[in-house]
1. Can you name every residue in region 113-139 that is of a type in the set (A, V, I, L, M, F, W, C) and closer than 21 Å to GLN95 by Cβ?
2. For residues that are farther than 21 Å from ARG29 by Cα and small (Gly, Ala, Ser), scanning just region 96-105, find the one that is most open to solvent (accessible area, probe 1.4 Å).
3. Would you be able to tell me the number of residues in region 1-24 that are open to solvent by less than 30 Å² (accessible area, probe 1.4 Å) and either under 18 Å from VAL90 (Cβ atoms) or outside any strand (DSSP E or B) (or both)?
4. Return the pair list, or none, for Cβ contacts closer than 7 Å from residues in region 131-149 that are among the β-branched types (Val, Ile, Thr) to residues that are outside any strand (DSSP E or B) and surrounded by fewer than 21 Cβ atoms within 10 Å (Cβ to Cβ), at least 6 apart or on different chains.
5. So if I check each of ARG93, ARG69, which one is open to solvent by 40 Å² or more (accessible area, probe 1.4 Å), out of contact with any His (no Cβ under 6 Å at 6 or more places or on another chain) and at pLDDT 95 or above?
6. Would you point out the residue of region 72-86, among those that are hydrophobic (A, V, I, L, M, F, W, C) and surrounded by fewer than 24 Cβ atoms within 10 Å (Cβ to Cβ), that is modelled with the highest pLDDT?
Amino acid sequence: ERLTVRNVVIDAAGAETAIELKGYLAGSRMENVLIRNFRRIGVNASGVAGLGGAKVHLVNVTVRATDDRTPTSAVKLLSGIPETGDIEIVRCRFQGPFATGIEIVGPTKNVAVRRTVFDRLTNGISCPGIAADFDRVQVIGNTFHDVEAALHFAVQPAGRSSKLAVAQNLFTEVENE
């Protein structure tokens, strides 16, 4: 908790995943970080949550794919124990080719994606698999460029979902509306 990683380049040297995050990380930050040279996932956040006013922040993080391979996800939010929550992804860049910029699997609460650029991706933000509850999820002020689908839900969010906001985003060269 309360760990800050700032102003670094993380070269995964061909590893499957560049960064693994797990559990309660209240008040932790990644800021001004470049992540590159991984095979599948840039940031794998499994069961990651902040606590109330102490969110997990990814700020000005660039995740760059290597052109000779297509990784699965720039960021993967996999709900577990705890459920994914209290996370802010702000002013990041996901430079593909990627299958997905942000992959959200399972219930999610209080997650904001703001002022982030999704470039050369199959899906900007993808929610694959079974229906899950989304509570207070915001996708606001982002740019989706050269993507097949900006937002992709494999199935409609579960019935208890509330306050899912998608507003003021720019969509350019998006194949599917």
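1. Passing the criteria: VAL113, VAL117, PHE118, LEU121, ILE125, VAL139.
2. Of the residues in region 96-105, the ones farther than 21 Å from ARG29 by Cα are 96-100, 105.
Still in the running and small (Gly, Ala, Ser): 96, 99.
Numbers: GLY96: 1, ALA99: 36 Å².
Selected residue: ALA99.
3. 3
4. Close Cβ pairs satisfying both conditions: VAL139/ASN169; ILE140/GLN168.
5. Numbers: ARG69 fails: at pLDDT 95 or above.
Step by step, each of ARG93, ARG69 is checked, and only ARG93 is open to solvent by 40 Å² or more (accessible area, probe 1.4 Å), out of contact with any His (no Cβ under 6 Å at 6 or more places or on another chain) and at pLDDT 95 or above.
6. To start, the set of residues in region 72-86 that are hydrophobic (A, V, I, L, M, F, W, C) comprises 74-75, 77-78, 81.
Next, from what is left, pick out any that are surrounded by fewer than 24 Cβ atoms within 10 Å (Cβ to Cβ): 78, 81.
Values: LEU78: 94, ILE81: 85.
Here the residue is LEU78.
The values are calculated or read from the model by the stated rules, or taken from the named source; none is laboratory data. Here the structure is a predicted model, which means the values were calculated and not measured. As a convention, Cβ positions derive from the backbone with ideal geometry for all residues, glycine included, and neighbour counts pool all protein chains shown. Calculation scope for accessible area: heavy atoms of the full protein, side chains included, ligands and nucleic acids excluded. Shrake-Rupley method; radii C 1.70, N 1.55, O 1.52, S 1.80 Å.
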